[in-house]
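Inspection log for the structure reproduced underneath, given as structure tokens.
The values are calculated or read from the model by the stated rules, or taken from the named source; none is laboratory data. Since we're looking at a predicted model, the values are computed, not measured. Side chains are part of the model used for accessible areas, which takes the heavy atoms of the whole protein and leaves out ligands, DNA and RNA. Shrake-Rupley method; radii C 1.70, N 1.55, O 1.52, S 1.80 Å.
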Amino acid sequence: MIKKAKKVLIVDDEVKILEVVKAFLENKGYEVYTAENGHEAFALLQREEIALVLLDLMLPEISGEQICMEIRRKSRIPIIMLTAKADEADILEGLEIGADDYIKKPFSLKELHARIEAVLRRSTEDILFHKGSFNDGDLEIDVARRRVLKGGSEIKLTMNEFRILTSLVRYPNKVFTRDELVLAALGDEFEGYNRAIDSHIKNIRQKIESDPKNPVYLLTVHGIGYKFGGR
């Protein structure tokens, strides 16, 4: 059977970057689409079965942050931010709105390829076990179907948010440090700040907790990390 090439969408207003990255990724076996603005990106996302988005944050008309939030409203497609912003706060903000990873400009093509492979691998690996499923009548986590429901309504989690949640659910009595949660949920290829976990936890709480300021599922163990409290 011929392996189907995965489709990658690059959204950047720098034509040179589009040309270079497109040629590089096509040489690596990907089917690559490019967009110079949000309107073109949305049109391609509706038309093509995109496996991953490389998204520049500094875009005209519609910002990369806005594009990311709109994608996340409808889909769990993996998103890697391409950013010239070097501040940790900016990067964490990007992760909070739903990006799965980031890479700073200027970047090496080798590093970019490694990040893409790692994110796609995390999105397709089935390392989660059925024992991690959970249902208390209000919150249902269906690992087999990779689905989360709150009050009977499906909740849209990003790939990383889903993996973090299910990692905690699988070991409800374990208190995870940030580094342990990064390793369990995101893998040893993840090279971001371990503080990014805090942003993901905040996002998950907003989606699954009735009162995110007083969580009952994702609990903070001060000075250590996080645990699942729904058992």
At a 1.4 Å probe radius, carbon and sulfur cover how many percent of the accessible area of the chain? 50
Could you sort Leu183, Leu112, Leu59 by accessible area so the largest value comes first, with the probe set to 1.4 Å? Leu183, Leu59, Leu112
Under the Karplus relation with 6.51, -1.76 and 1.60 and θ = phi - 60°, whole-Hz ³J(HN,Hα) for the range 211-223, x at Gly and Pro, equal 10, x, 7, 10, x, 10, 9, 9, 9, 8, 9, 4, x
Heavy-atom accessible area per residue, the chain, 1.4 Å probe: how many Å²? 50
Can you give the translational diffusion coefficient of the chain in µm²/s, computed by Stokes-Einstein from the Kirkwood radius over Cα pairs at 4 °C and 1.567 mPa s? 71
Pop out the ³J(HN,Hα) list for the range 205-210 in order, Karplus 6.51 cos²θ - 1.76 cosθ + 1.60 with θ = phi - 60°, rounded to Hz; leave Gly and Pro as x. 4, 4, 8, 10, 8, 5
Alpha-carbon Rg with Dmax, taken over the range 39-172, Å: 16.1, 48
HN-Hα J in Hz across the range 172-177 - Karplus 6.51, -1.76, 1.60, θ = phi - 60°, x for Gly and Pro: x, 9, 8, 8, 8, 6
